[in-house]
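Input: a single structure, listed below in structure tokens.
The values are calculated or read from the model by the stated rules, or taken from the named source; none is laboratory data. Predicted, not measured: the structure shown is a model, and the values here were computed from it. Cβ: placed from backbone, ideal geometry, glycine included. Neighbour counts: every protein chain shown. Each accessible area value is taken on the protein alone, full model and side chains, heavy atoms only, with ligands, DNA and RNA left out. Shrake-Rupley method; radii C 1.70, N 1.55, O 1.52, S 1.80 Å.
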Amino acid sequence: MAEGLPNRPTTVADYAATMRRRKWFIIGPPVVAGLAAFALSATQSPLYQATAKVLVKRTSFVSAISNVQDPSSFTDPTRFLQTEASIARSPELAARVVAKAAVPGETVVSFLDESRVNPESTADVLDVSVSNRDPGYAERLANIYATEFTRYTTELDTARINETLRTLSVRAKELRAEGAAGSVAYATVIQNQSQLVTVGKLLADNTSVLQQAEEAVKVRPRLLRNGVLGVLLGGLLGVGLAFLREALDRRVRSEHEVNDVLGLAVLARIPSPPRKLRKANQLIMLADPTSIHAETIRKLRTSIEFVNLEHGARTIMVTSAVPQEGKSTTIANLAVSLARAGRRVALVDLDLRRPFLNRFFGVRDRPGITDVVVNRVSLADAIRSIALRPAEASYPEPQGNGRRPPGSATGSNGRSTLNGVLEFLPAGTIPPSAGEFLEHERIGAVIDELGDQFDVVLVDSPPLLSFGDVTTLSDKVDALFVVVSLTVMQRPLLDELGRQLENCRATPLGCVLTSVEQHESYRYLYEAYGYDVRPQPKAEDELRQAR
Ligand SMILES: Nc1ncnc2c1ncn2[C@@H]1O[C@H](COP(=O)(O)OP(=O)(O)OP(=O)(O)O)[C@@H](O)[C@H]1O
Ligand SMILES: [Mg+2]
């Protein structure tokens, strides 16, 4: 049996299977995060934002006065606008805006906190935005901010010109007082004055309000946006958690992994029995033999028969690595299926640790094989004939301990409505030391005797890794198959199971996967064969005509 890690590349189907298995991780966090974001946003008080636009021209003081290109005007336009935006954030300007707007409760600090000046990327324009709980105040503050900003920058730009103009007018006054109003010096002063006035006007135009703030828009709370963001972030978190959980989960998930480790063919994939049947200890092959679930058991029957063609085993044992993987249920269903198919079947409960099969058939567990082995009763007296009703009958009745010929399809009441008979040998009186008892040579003899009488003898056994019973029993049967539950099996257990199976003398026929997700088991069942379980109208017509 091959050991080692599976080297099959991960496929999209594997990811999809992980997401399906961890669906609560995938669904839970986005739903919770989305609702939380929505609820938190709903508690926020509303906030409105108004935006005015300010056009910024880049006329340089140097070039305006000298008609020469100012080298500083070659600076990066983005940087220039950024400088203007920084100027707009001056506390002095903010104080002016707050004073002029006279909005109740507004301070310089709160105003600077609630306002923004951002350069547009494609034009020499600054966006001046102000947020406020009142849309009217937001609009008013934004407009006053834009207007005051243009004034403020004009003041800064023309401060030096005004200073020079003041000096020139003092000089002109002095020249007039000296009576030199007609002198060349006076004329030069007057000319310089008029030049500076023109430059001042030019610079005063450097910034202007391009667009007044109109209706303020609600920027908080953004319920939908926050909800969607919450869902997206929650979704990312959920997917991350799902894959983390999967990575930390040592359970065996895929059939390929089982295949790689055990080197056994998968005979069938059987889903969990419906809850109702589980609670009542009923078998699907008896309670609902026409269901798709029962079809997975029939698939197991045909697979076992096919594989067994090569080995010709008459006595077949089931085992699994650990308890509660579905051994008893599977072998009992298989026995019913084989009996319904007309095989002479004996089902033997040799799980002396936890005999269970009798509960499926509603019969007493004593006397049984242990009593036969110690010669307390004869084999024929210990065997119970379970008459199998046709598909619509929900539960079979035990048919006593009669010594009817095996395979008889007639129940004790003589009706011919039976659909096969299953011969069942319960565990019997449980000996104090089950492990030692199984070494009794008569056990092999009883199994061989059954093998001579029946087409197939199916033996239930305890879990392989828990007790040595299976290794002992494997000497006494021809073949075995292993049940592997996909919800129970963990990687180290699977490795150990592989090792222990090597010590078993019986021929391993294959493995049966249990706890397979329903759609997975049914997909294999029908899709692989291009087969539709529903009766096709045409086929039904043909059948009717044939009758
Ligand atoms: N194919 C299946 N998939 C999942 N669960 C199953 C399947 N068959 C049976 N079960 C459930 O698993 C549990 C154990 O079933 P069962 O007694 O058949 O297992 P077991 O391997 O024989 O246990 P034990 O080792 O105790 O004898 C029951 O609740 C049963 O309904
Ligand atoms: Mg069992």
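Looking at residue 160, is it in the same structural domain as residue 107 (by TED's automatic domain parsing), at pLDDT below 90 and not hydroxyl-bearing (Ser, Thr, Tyr)? Talk me through it step by step, then tell me what you get.
Details: in the same structural domain as residue 107 (by TED's automatic domain parsing): yes; at pLDDT below 90: yes; not hydroxyl-bearing (Ser, Thr, Tyr): yes.
Yes: the conditions hold for residue 160.
For residue 402, are the conditions met, namely being buried (at least 18 other Cβ atoms within 10 Å of the Cβ) and at pLDDT below 90?
Considered against the rule, which asks whether it is buried (at least 18 other Cβ atoms within 10 Å of the Cβ) and at pLDDT below 90, residue 402 comes out as no.
Would you pick out the residues in segment 100-137 that are polar (S, T, N, Q), free of Cβ contacts under 8 Å to residues at least 40 places away in the same chain and outside any helix (DSSP H, G or I)?
107, 115, 118, 122
Being open to solvent by 40 Å² or more (accessible area, probe 1.4 Å), of a type outside the set (A, V, I, L, M) and under 23 Å from the mean Cα position of the chain (by Cα) is the filter here, so list the residues in segment 241-267 that pass it.
Correct list: 243, 245, 250, 251, 253, 256.
So residue 487 ticks every box in (1) among the β-branched types (Val, Ile, Thr); (2) open to solvent by 50 Å² or more (accessible area, probe 1.4 Å); (3) part of a helix (DSSP H, G or I) but one. Which box is left unticked?
Exception for residue 487: condition (3).
Condition first: closer than 24 Å to residue 18 by Cα, of a type in the set (A, V, I, L, M, F, W, C), within 15 Å of ligand 1 (Cβ to nearest atom) and open to solvent by less than 30 Å² (accessible area, probe 1.4 Å). Can you find one or more residues in segment 268-282 that meet it?
yes
How many residues are part of a helix (DSSP H, G or I) and either crowded, with 24+ Cβ neighbours inside 10 Å or of a type in the set (Asp, Glu) (or both) if we restrict to segment 420-436?
So the answer is 1.
Has segment 320-341 got any residue that is assigned to a loop (DSSP other than H, G, I, E, B), of a type outside the set (Phe, Trp, Tyr) and away from ligand 1 (no atom under 16 Å from the Cβ)?
Just the residues of segment 320-341 that are assigned to a loop (DSSP other than H, G, I, E, B), to begin with: 321-326, 341.
Now narrow it down to the ones that are of a type outside the set (Phe, Trp, Tyr): 321-326, 341.
Those still in the list that are away from ligand 1 (no atom under 16 Å from the Cβ) too: 341.
Yes, segment 320-341 contains at least one residue that is assigned to a loop (DSSP other than H, G, I, E, B), of a type outside the set (Phe, Trp, Tyr) and away from ligand 1 (no atom under 16 Å from the Cβ).
May I ask you to list the residues in segment 342-358 that are away from ligand 2 (no atom under 13 Å from the Cβ) and assigned to a strand (DSSP E or B)?
Correct list: 345, 346.
If I filter segment 437-473 down to residues being in a loop (DSSP other than H, G, I, E, B) and within 16 Å of residue 422 (Cα to Cα), which single residue comes out as least open to solvent (accessible area, probe 1.4 Å)? Don't jump to the end; show me each part of the working.
So the first thing to find is which residues in segment 437-473 are in a loop (DSSP other than H, G, I, E, B), and the list is 438-440, 454-455, 461-468.
Next, only the ones that are within 16 Å of residue 422 (Cα to Cα) stay: 454-455.
Working: 454: 4, 455: 57 Å².
Among residues in segment 437-473 that are in a loop (DSSP other than H, G, I, E, B) and within 16 Å of residue 422 (Cα to Cα), the one least open to solvent (accessible area, probe 1.4 Å) is 454.
For the condition open to solvent by 80 Å² or more (accessible area, probe 1.4 Å) and modelled with pLDDT of 95 or more, what is the one hit in 68, 32?
32
For segment 290-323, how many residues are within 19 Å of residue 473 (Cβ to Cβ) and open to solvent by 40 Å² or more (accessible area, probe 1.4 Å)?
Number satisfying all stated conditions: 3.
Select from segment 496-536 the residues that are at pLDDT below 70 and within 30 Å of residue 478 (Cβ to Cβ) and write down the one among them that is nearest to ligand 2 (Cβ to nearest atom).
Looking at the filtered set, the residue picked out is 521.
Which strands (runs of 3 or more DSSP E) sit wholly inside segment 201-298 and have at least 1 residues that are farther than 26 Å from residue 522 by Cα? Let's see the steps before the verdict.
Working: elements: 207-211, 217-220, 266-270.
The strands (runs of 3 or more DSSP E) meeting that bar are 207-211, 217-220.
Give the residues of segment 359-376 that are of a type outside the set (Asp, Glu), away from ligand 1 (no atom under 12 Å from the Cβ) and out of contact with any Ser or Thr (no Cβ under 8 Å at 6 or more places or on another chain), sorted by residue number.
361, 362, 363, 364, 369, 373, 374, 375
In this structure, does residue 172 turn out to be in contact with an Asp or Glu (Cβ under 6 Å, 6 or more places away or on another chain), modelled with pLDDT of 90 or more and either open to solvent by less than 70 Å² (accessible area, probe 1.4 Å) or assigned to a helix (DSSP H, G or I) (or both)?
no
Considering only residues that are small (Gly, Ala, Ser) and either within 12 Å of ligand 2 (Cβ to nearest atom) or in contact with a His (Cβ under 8 Å, 6 or more places away or on another chain) (or both), which ones fall in segment 297-331?
Scanning segment 297-331 gives 320, 326, 328.
Kindly provide the set of residues from segment 359-371 that are within 14 Å of ligand 2 (Cβ to nearest atom), open to solvent by 10 Å² or more (accessible area, probe 1.4 Å) and farther than 11 Å from residue 427 by Cβ, ordered by number.
The answer is 359, and nothing else.
Can you tell me which of (1) farther than 20 Å from residue 262 by Cα; (2) aliphatic (A, V, I, L, M); (3) within 12 Å of ligand 1 (Cβ to nearest atom) is the one residue 348 doesn't meet?
Checking residue 348 against (1) farther than 20 Å from residue 262 by Cα; (2) aliphatic (A, V, I, L, M); (3) within 12 Å of ligand 1 (Cβ to nearest atom), the one that fails is (3).
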